[in-house]
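Below is one structure, written out as structure tokens; comments come after it.
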Amino acid sequence: MKFSTITNIGKIRSENEDSFSNISLGDLDFFIVADGMGGHSKGDLASKLAAKLFIKYIKEANLSDYDSYIKLQEEAIFYANEEIYKLSLEEGDIRMGTTVVCLCLDHKNKVYYLTHLGDSRAYIYRNDSLSQLTRDHSLVNDLLDSGSLTEDEAENFINKSAITRAVGTEEKINPDSKSLHMEEGDIVLMVTDGLTNELTDDKIKDIVKANKDPYQISTKLIEAAIDHGGRDNITVTTILL
């Protein structure tokens, strides 16, 4: 396995509210990418804490106690949420929030375990095809699911960037998790919306297809997002099996 993570402040923002981290424990590799919510105070602190606390919880966990690494990831996110939410109350009820996308690579059993909240995404490139593994927790997706919006209406929806789930904003959270089998040659992307708001999935696919090295893929994706506007912080983790 090879991987590369690159983050960039973009062309507009005054600070980078994206964070990331990873840890290897035997046959397991854990990754997290977080994006502090711009609409809340201290989004940069929330994303940094989420990444730090997620890794801390996993590092200190007794892995033999878990028959499912999804459960471990979710517990790590619950722990981060509890600490960030508690801090927000101590700071005078200042809401702090962050998206998270977390991935565990179980090399022994050839399985990916994925957990996320918000609109930071995971993709997999396999057999010349790019597939989105996460579905954004967003107001527009909720309205699409309920039938209140059509696909055409969603394209011009005024609150398209509003997210409905995050870490730190509420006492209780509800992450989505899934697992899928691992194949040699897979390329997995974990990205913040600074990338996906600027590039279509087709453009992302073209860049991945043209650059097989993880560092090159991360670099070229960020360069393209900046060329297309760079209106937000951009973080890309590229993992090559």
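The values are calculated or read from the model by the stated rules, or taken from the named source; none is laboratory data. Computed from a predicted structure; not experimentally measured. Note: ideal-geometry Cβ built from the backbone for every residue, glycine included; neighbour counts use all protein chains shown. Accessible surface areas use protein heavy atoms only, side chains included; no ligands, DNA or RNA. Shrake-Rupley method; radii C 1.70, N 1.55, O 1.52, S 1.80 Å.
Within region 185-213, residues that are of a type in the set (Gly, Ala, Ser) reach partners that are buried (at least 22 other Cβ atoms within 10 Å of the Cβ) and part of a loop (DSSP other than H, G, I, E, B) with beta carbons closer than 8 Å, at six or more positions or on different chains, in the pairs Gly194/Asp232; Gly194/Asn233.
Can you name the residue in region 1-32 that is among the charged types (D, E, K, R) and part of a strand (DSSP E or B) and is also nearest to Thr98 (Cα to Cα) among such residues? Checked region 1-32; the qualifying residue nearest to Thr98 (Cα to Cα) is Asp18. For region 33-56, enumerate the residues that are assigned to a helix (DSSP H, G or I), of a type in the set (D, E, K, R) and either buried (at least 18 other Cβ atoms within 10 Å of the Cβ) or at pLDDT below 95 (or both). Correct list: Asp44, Lys48. Does Leu149 count as out of contact with any strand residue (DSSP E or B) (no Cβ under 9 Å at 6 or more places or on another chain) and at pLDDT below 95? It is true that Leu149 is out of contact with any strand residue (DSSP E or B) (no Cβ under 9 Å at 6 or more places or on another chain) and at pLDDT below 95.
Within region 184-206, take every residue that is in contact with an Asp or Glu (Cβ under 9 Å, 6 or more places away or on another chain) and either among the β-branched types (Val, Ile, Thr) or not in a loop (DSSP other than H, G, I, E, B) (or both) and give me the one that is most open to solvent (accessible area, probe 1.4 Å). The residue in question is Lys205. Screening Phe78 with (1) open to solvent by 40 Å² or more (accessible area, probe 1.4 Å); (2) touching a helix residue (DSSP H, G or I) at 6+ places or on another chain (Cβ under 6 Å); (3) hydrophobic (A, V, I, L, M, F, W, C) gives one miss only, at (2). Going by the structure shown, is Ile12 among the β-branched types (Val, Ile, Thr) and either modelled with pLDDT of 95 or more or open to solvent by less than 20 Å² (accessible area, probe 1.4 Å) (or both)? Considered against the rule, which asks whether it is among the β-branched types (Val, Ile, Thr) and either modelled with pLDDT of 95 or more or open to solvent by less than 20 Å² (accessible area, probe 1.4 Å) (or both), Ile12 comes out as no.
Tally time: how many residues in region 115-138 are among the hydrophobic types (A, V, I, L, M, F, W, C), closer than 20 Å to Ile204 by Cα and crowded, with 23+ Cβ neighbours inside 10 Å? Going through region 115-138 one residue at a time, the tally reaches 1. Note down all Cβ pairs under 7 Å where the first residue falls in region 159-178 and is within 17 Å of Leu103 (Cα to Cα), the second is surrounded by 15 or more Cβ atoms within 10 Å (Cβ to Cβ) and of a type in the set (D, E, K, R), and they're at least six residues apart or on different chains. As it stands, the answer is Asn174/Arg165; Pro175/Glu74; Ser177/Glu74, since those pairs meet every condition given. Looking only at residues that are touching a helix residue (DSSP H, G or I) at 6+ places or on another chain (Cβ under 7 Å) and assigned to a loop (DSSP other than H, G, I, E, B) in region 222-241, which one is most open to solvent (accessible area, probe 1.4 Å)? In this case the residue turns out to be Asp232.
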